[in-house]
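These notes concern the structure reproduced below.
All of the numbers you see were taken from the coordinates with simple rules; none came from a lab. Only a predicted model underlies this, so the values are computations on that prediction, with no experimental measurement involved. For neighbour counting, all protein chains shown are included, and Cβ atoms are generated from backbone atoms with ideal geometry for every residue, glycine included.
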Amino acid sequence: MYQPDIQRIRRLVREGWISEHEHPDGGLFIFNYTQKAQYENVWTSDTLNCRGLILAADGTIIARSMRKFFNYGQWLPMPGTYIVSVAEKLDGSLGILFQHKDEYHITTRGSFVSEQAQWATD
C-alpha cells in the first residue's frame, strides 16, 4: 500500500509535478498531479497516488482517492497481457469524503473550496 513521504511530495510540488493546496482552516493539504505531469507522462508512485490525496501537516493520511487511471491507449504498465477491468468513463466531479474538526466534508480532487465541494458538503 502506498505510504506518502511528505518531503518527497513537497519536492515534486516545487518541481511542478504535483500541486498543493491548504485547507482554509489550516492543517490539511490536498495534493494532485499537475497538467505538466500529465502531458509529460511523469508517472511515479507519488504522481499516481496524488489524485486528491489529503494529508495532515505531518504527512498522516486523512483521505485518499482512487489512483490515477488511464484512457485506452495511454501509458500504463500492466502486469501480463490481460485486461483487468474495463469501465465506461463518464465526465463529472470526484468527491472525496474526509473528517476535519469533528465534521464531515467533501472535496474535489484539486480543491477544498471548489463549487462542487461546497455544494456537496452543504
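Can you tell which of Lys36, Lys89, Lys68 shows the greatest fluctuation in a Gaussian network model of the chain with Cα springs below 10 Å?
Result: Lys89 has the largest fluctuation of those listed.
Go through Gln116, Ile18, Phe98 and say which Cα lies farthest out towards the positive end of the charge dipole of the chain; charges sit on Cβ, +1 for Lys and Arg, -1 for Asp and Glu.
Ile18
Once the Cβ-Cβ distance between Gln118 and Asp91 is put in as r, and R0 is 25 Å, what FRET efficiency do you end up with, to the nearest 0.05? Before the final figure, lay out the partial values.
Working: r = 20 Å, r/R0 = 0.79.
After rounding, the FRET efficiency stands at 0.80.
Assigning unit charges at the beta carbon (Lys, Arg +1; Asp, Glu -1) and nothing else, what dipole magnitude in debye, to the nearest 20, does the chain show about its Cα centre? Numbers along the way, then the final one.
Values: 12 positive and 14 negative charges, 99 e Å.
In debye, rounded to 20, the chain gives about 480.
In whole Hz, with x marking every Gly and Pro, tabulate ³J(HN,Hα) for the stretch 88-95 from phi via Karplus 6.51 cos²θ - 1.76 cosθ + 1.60, θ = phi - 60°.
Residue by residue, the stretch 88-95 yields 6, 9, 10, 7, x, 10, 8, x Hz.
Using 0.36 nm per residue, how much length does the chain from Leu48 to Glu22 gain when fully extended, once their Cα-Cα distance is taken away? Before the final figure, lay out each step's value.
Working: separation 26, 0.36 × 26 = 9.36 nm, distance 1.99 nm.
Separation in residues times 0.36 nm, less the Cα-Cα distance, equals 7.4 nm.
For a quick check, take a GNM of the chain with Cα springs below 10 Å and name the residue from Asp25, Asp46, Asp91 with the largest mean-square fluctuation.
Ranking Asp25, Asp46, Asp91 by mean-square fluctuation puts Asp91 first.
What do you get for chymotrypsin sites (Phe, Trp or Tyr not before Pro) in the stretch 1-36 restricted to DSSP loop and a cutoff of at most 14 other Cβ within 10 Å of the site's Cβ? Before the final figure, lay out the partial values.
Details: sites: Tyr2, Trp17, Phe29, Phe31, Tyr33; in loops: Tyr2, Trp17.
Hits after loop and neighbour filter: Tyr2.
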